Amino acid sequence: MQNKFDIRDKFYLNGDEIQIISGGIHYFRVVPEYWKDRLEKLKAMGCNTVETYVPWNLHEEEKGKFNFNGILDIKKFIETAGELGLWVIVRPSPYICAEWEFGGLPAWLLKEDGMRLRGLYEPFLNHVKSYYKELFKILTPLQINYGGPVIMMQVENEYGYYGDDTEYLKWMAQVMREEGTVVPLVTSDGPWGDALECGKVEGVHPTANFGSKVAQQFEILKKHTDGPFMCMEFWVGWFDHWGNGGHKTSNMEENCKDLDEALQYGNINIYMFIGGTNFGFMNGSNYYDELTPDVTSYDYDAVLTECGDITPKYEAFKEIIGKYTKLPEIEFTTKIEKKAYGKLSCKEKVGLFESLEDISAPVTDLFPKSMEKLGQSYGYTLYRSSLVKEKKLDKIRLYNANDRAKIYISQEAVATLYDRELLAEHEISYDFEKGSTIDILMENMGRVNFGPYLDKQRKGIDGSVVINGHQHMNWEHYTLPLDNLHKLDFTKGFKEQKPAFYRFEFLAEEKGDTFVDMEGWGKGCVFINGFNLGRFWEIGPQKRLYLPAPLLQDGINEIIVFETEGKASEELVLCDKPDLG
Ligand code: GLA
């Protein structure tokens with residue numbers, strides 16, 4: 001008999017009513033060697049389903065070049081869940097929010113002038129379609145109807161918080177069907193304002209996202225559907241952004257009361273079961289009145305910690321879920337240890353200015369071009385020019401520049417401008433010799449993942465640099481995605497107080513999870529054996545970066561720290577405990 005999952009008055013699996021008790025795990029935020037461990041823990045807590053988003057911007061990092069390997073092997077993740085007897089909910093984007101760079105949209109979309117997102121705008125739709133062609137080659141056979149564990153898929157994500165183009169949602173649902181989706185489709189929206197109204201589409205089952213006031217929210221959802229009722233994101237924690245003053249934690253007693261109530265009402269997906277890590281430059285940002293980029297850890301105060309540890313929340317949830325379903329006996333088969341490798345001393349260092357030609361090839365243009373127009377998605381871009389007419393920098397203003405600028409004259413720092421500071425003219429008053437070099441190091445701190453600012457996410461300088469009242473022209477652009485640090489030559493020189501690379505080595509005879517302590521360091525990012533672990537910033541709250549054991553290798557391991565403020569320590573300490581602030 002063919003397996004089937006149905007949505008009628010309730011959820012039905014091969015004709016039998018089921019209650020979905022799901023937990024969110026984003027495979028792309030957990031190293032693949034640990035997927036099984038996280039899934040076993042999910043199952044042992046009593047969940048019967050796992051939910052994941054799919055990040056388009058990782059799977060198609062460059063237009064037309066697809067990657068479904070390693071940490072992006074979604075097939076393997078889904079199959080591992082299936083082998084453990086878990087069902088899978090897939091939320092395949094194109095937009096995922098998720099505190100993820102640009103809400104999962106590829107930055108290369110912004111290379112095109114006039115690009116509009118998440119509406120019936122043909123150039124956008126064409127890109128979605130060609131991506132879905134590849135993605136659904138993988139997802140289609142994994143559906144329950146064909147023997148796989150996927151029971152439902154989501155159309156878009158909280159569309160009602162963004163727009164009201166129902167025709168676009170219809171198109172999205174239709175293209176998912178055309179590419180092979182046979183399982184039921186759902187939408188998910190906040191039960192506030194008109195969101196459920198704007199986000200729904202005919203033939204697709206609505207669900208709601210919330211983390212408190214359970215009865216009230218389910219009652220609102222009931223006005224939009226006769227059931228079954230599902231909370232697609234039952235928030236049990238929250239995320240941190242840089243400078244938020246301390247790691248956010250939830251009230252566990254309330255979480256437990258809400259979970260119990262939600263399970264009486266219907267179906268849930270716990271967001272997040274494990275949050276994991278925003279490796280690389282992939283954190284998102286919010287923008288309400290100001291830019292608030294998210295930290296590297298996506299710990300989320302979730303049910304498991306960022307590194308997969310069982311928490312008191314896990315034990316409490318397990319007990320509650322145990323009232324609704326029989327808890328299975330599961331053995332955790334992955335051996336995971338923590339190691340404090342101790343203090344490492346800096347072996348070598350080299351300045352960024354000294355390294356530019358080694359890790360980048362300059363592009364010349366009259367006006368400064370945005371990062372996206374330069375074909376770059378993430379990291380830093382350095383804009384360089386000569387000041388041949390001026391001999392004093394009185395005032396400077398950057399137009400259409402994001403997110404943080406460090407301005408140097410003859411490699412001396414003269415100003416740092418961040419977010420809204422970039423919207424005004426700055427009095428500098430700095431004397432120099434005619435012909436001096438001006439360098440502007442722009443940092444992309446993570447594209448916004450929510451709201452109308454999504455359409456304004458070009459990074460670098462996408463306009464002009466106005467110096468002493470005139471547009472300064474003729475720029476060299478050095479793209480710095482920092483994906484080629486093996487090209488660094490540490491003999492090229494180093495000057496204090498400047499952006500630089502610092503190299504450390506250590507042997508890990510026994511491999512264990514460890515945490516890189518950034519005490520004494522200013523701002524930048526950390527690489528382990530060439531893999532970008534993520535960003536640090538002394539303003540916190542996160543103080544240590546999680547380094548999972550599978551990223552370590554036999555023999556010598558190399559850590560490179562890139563630091564932009566000239567604030568570096570000669571040492572780096574690898575600890576066996578996290579510190580999220
Ligand atoms: C919304 C989104 C999620 C996530 C949460 C907050 O519900 O749908 O992707 O951003 O908010 O963590």
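Distance from a point 7 Å along Cα→Cβ of residue 340 to each backbone N in segment 536-557: keep the residues under 20 Å and list them by number.
In segment 536-557, the label zone of residue 340 (backbone N under 20 Å from the point 7 Å along Cα→Cβ) covers 543-549.
For segment 454-581, what number of Lys pairs, 8 or more residues apart or on separate chains, have alpha-carbon atoms under 12 Å from each other?
6
Quick check: the distance between the Cα centres of segment 195-213 and segment 468-510, to the nearest angstrom?
46 Å
Can you give the net charge of the other residues whose Cβ lies under 11 Å from the Cβ of residue 438, counting K and R as +1 and D and E as -1? The partial results should precede the final answer.
Details: positive: 384; negative: 390, 412, 439, 476.
Neighbour charge sum, excluding residue 438 itself: -3.
Note down the relative contact order for segment 509-558 as a percent, whole number, built from C-alpha pairs under 8 angstrom at least six residues apart.
The normalised contact order for segment 509-558 reaches 43 percent.
Which whole-number percentage describes the relative contact order of segment 1-67, with Cα contacts under 8 Å and a sequence gap of 6 or more?
Details: 60 pairs, mean separation 17.0, N = 67.
The normalised contact order for segment 1-67 reaches 25 percent.
Counting each DSSP H run of 4 or more residues in the chain as -39500 (n - 2.57), what helix-only mean residue ellipticity at 222 nm follows after dividing by all residues, to the nearest 500 deg cm²/dmol? Each step should come with its number before you reach the end.
On the way: 10 runs with 101 residues, N = 581.
The helix contribution divided over the chain gives -5000 deg cm²/dmol.
Tally the DSSP beta bridges in the chain and give the antiparallel ones as a percent, rounded to 5. Provide the component values of the computation, followed by the final result.
Working: 90 of 122 bridges.
Once the DSSP bridges in the chain are tallied, antiparallel ones form about 75 percent.
With label points built 7 Å along Cα→Cβ from the Cα atoms of residue 357 and residue 389, find their separation and express it in nm.
Rounded to a tenth, the inter-label distance reads 2.9 nm.
Distance from the Cα centre of segment 35-109 to that of segment 378-448, in angstrom?
39 Å
Please give the contour-minus-distance gain from residue 164 to residue 68: 0.36 nm per residue of separation, less the Cα-Cα distance, rounded to one decimal in nm.
Numbers: separation 96, 0.36 × 96 = 34.56 nm, distance 3.23 nm.
Full extension of this stretch gives 31.3 nm more.
Hey, rough spin-label estimate for residue 125 and residue 323, points 7 angstrom out along Cα→Cβ, what's it come to in nanometres?
Simple spin-label model gives 4.8 nm for this pair.
Could you size up the charge dipole of segment 516-581 around its Cα centre, putting +1 on the beta carbon of Lys and Arg and -1 on that of Asp and Glu, and report it in debye to the nearest 20? All intermediate terms of the calculation are to be shown ahead of the outcome.
Values: 6 positive and 11 negative charges, 57 e Å.
The calculated dipole for segment 516-581 is roughly 280 debye.
Can you give the net charge of the other residues whose Cβ lies under 13 Å from the Cβ of residue 79, counting K and R as +1 and D and E as -1?
Values: positive: 36, 75, 76; negative: 73, 83.
Neighbour charge sum, excluding residue 79 itself: +1.
Round to the nearest 0.05 the FRET efficiency obtained for residue 174 and residue 470 when R0 = 51 Å and r is the Cβ-Cβ distance. Kindly include the intermediate steps, with their values, before the conclusion.
Numbers: r = 52 Å, r/R0 = 1.03.
The pair residue 174/residue 470 has a calculated efficiency of 0.45.
What's the angle, to the nearest 10 degrees (0 to 90), between helix 252-265's Cα axis and the longest principal axis of the chain?
40 degrees
Using the heavy atoms of the protein chains alone and a 1.4 angstrom probe, what is the accessible area of segment 427-581 per residue in square angstrom?
Working: 6060 Å² over 155 residues.
That works out to 39 Å² for each residue.
Just want to confirm a number: the relative contact order over the chain, from Cα pairs under 8 angstrom separated by 6+ residues, in percent. If you can, show how the numbers build up before the last one.
On the way: 1417 pairs, mean separation 86.7, N = 581.
Over the chain, the number comes to 15 percent.
For segment 455-470, list residues with backbone N below 15 Å from a point placed 7 Å from the Cα of residue 399 toward its Cβ?
Label zone hits: 461-470.
Using a 1.4 Å probe, how large is the accessible area of residue 113, given in Å² and rounded to the nearest 10?
About 110 Å², rounded to the nearest 10.
Across all directions of projection, what mean area in square nanometres is found for the Cα convex hull of the chain?
Working: hull surface 102.8 nm².
Mean orientational projected area (the chain, Cα hull): 25.7 nm².
7 Å from Cα along Cα→Cβ at both residue 428 and residue 33: what's the point-to-point distance in nm?
Distance between the two pseudo-spin positions: 4.7 nm.
Can you tell me the FRET efficiency between residue 489 and residue 567 if r is taken as the Cβ-Cβ distance and R0 is 30 Å, rounded to the nearest 0.05? Spell out each step's value before the answer.
Numbers: r = 23 Å, r/R0 = 0.78.
Plugging the Cβ-Cβ distance into 1/(1 + (r/R0)^6) gives 0.80.
Please give the charge dipole size of the chain, origin at the Cα centre, charges +1 on K and R Cβ atoms and -1 on D and E Cβ atoms. Round to the nearest 20 debye.
Computed charge dipole of the chain: roughly 660 debye.
Let me make sure I get this right: for segment 389-489, a, b and c are the square roots of the gyration tensor eigenvalues over alpha carbons, sorted descending. Under 1.5 in a/c it's rounded, otherwise prolate if a/b > b/c, else oblate. Which is it? Before the final figure, lay out the partial values.
Working: a/c = 2.20, a/b = 1.27, b/c = 1.73.
The shape class here is oblate.
Provide the packing ranking of 401-408, 278-285, i.e. peptides ordered by the mean count of other C-beta atoms within 10 Å per residue, highest first. Spell out each step's value before the answer.
On the way: 401-408: 22.6, 278-285: 24.6.
Ranking the peptides 401-408, 278-285 by packing returns 278-285, 401-408.
At R0 = 25 Å, how high is the FRET efficiency between residue 134 and residue 202 if r is their beta carbon distance? Nearest 0.05 is fine. Mind showing how you got there, number by number?
Values: r = 27 Å, r/R0 = 1.10.
Between residue 134 and residue 202 the formula returns 0.35.
Using mean Cβ contacts within 10 Å as the protection proxy, how do 181-187, 549-555, 440-446 order, highest first?
Numbers: 181-187: 20.1, 549-555: 14.9, 440-446: 25.0.
So the peptides 181-187, 549-555, 440-446, ranked by packing, come out 440-446, 181-187, 549-555.
Once Lys and Arg get +1 and Asp and Glu get -1 on their Cβ, which of 441, 328, 7 lies farthest toward the positive end of the dipole of the chain?
Farthest towards the positive pole: 441.
Quick check: residue separation of residue 192 and residue 61 times 0.36 nm, minus the Cα distance between them. What number comes out in nm?
Details: separation 131, 0.36 × 131 = 47.16 nm, distance 3.41 nm.
Full extension from residue 192 to residue 61 adds 43.8 nm.
Rounded, prolate or oblate, given the Cα gyration tensor of segment 211-352, with a/c below 1.5 counting as rounded? Kindly include the intermediate steps, with their values, before the conclusion.
Working: a/c = 2.84, a/b = 1.52, b/c = 1.86.
Oblate, since a/c reaches 1.5 and b/c is not below a/b.
With +1 on each Lys and Arg Cβ and -1 on each Asp and Glu Cβ, and nothing else charged, work out how big the dipole of segment 12-168 is about its Cα centre, in Debye to the nearest 20.
Numbers: 16 positive and 23 negative charges, 79 e Å.
Using only the charged Cβ atoms, the result is roughly 380 debye.
Can you give the angle from 0 to 90° between the axis of helix 74-83 and the longest principal axis of the chain, with both taken from C-alpha atoms, to the nearest 10?
30 degrees
Go through 149-160, 235-246 and give me the packing order, highest mean Cβ count within 10 Å leading. Mind dumping the intermediate values first?
On the way: 149-160: 24.8, 235-246: 18.8.
Those peptides, ordered most packed to least, come out 149-160, 235-246.
Would you kindly state how much longer the chain becomes between residue 249 and residue 331 on full extension, computed as 0.36 nm times their sequence separation minus their alpha carbon distance, in nm to one decimal?
Details: separation 82, 0.36 × 82 = 29.52 nm, distance 2.88 nm.
My answer for the length gained is 26.6 nm.
The values are calculated or read from the model by the stated rules, or taken from the named source; none is laboratory data. On a predicted model such as this, the values are computed, not experimentally measured, just so you know. Cβ: placed from backbone, ideal geometry, glycine included. Neighbour counts: every protein chain shown. Calculation scope for accessible area: heavy atoms of the full protein, side chains included, ligands and nucleic acids excluded. Shrake-Rupley method; radii C 1.70, N 1.55, O 1.52, S 1.80 Å.
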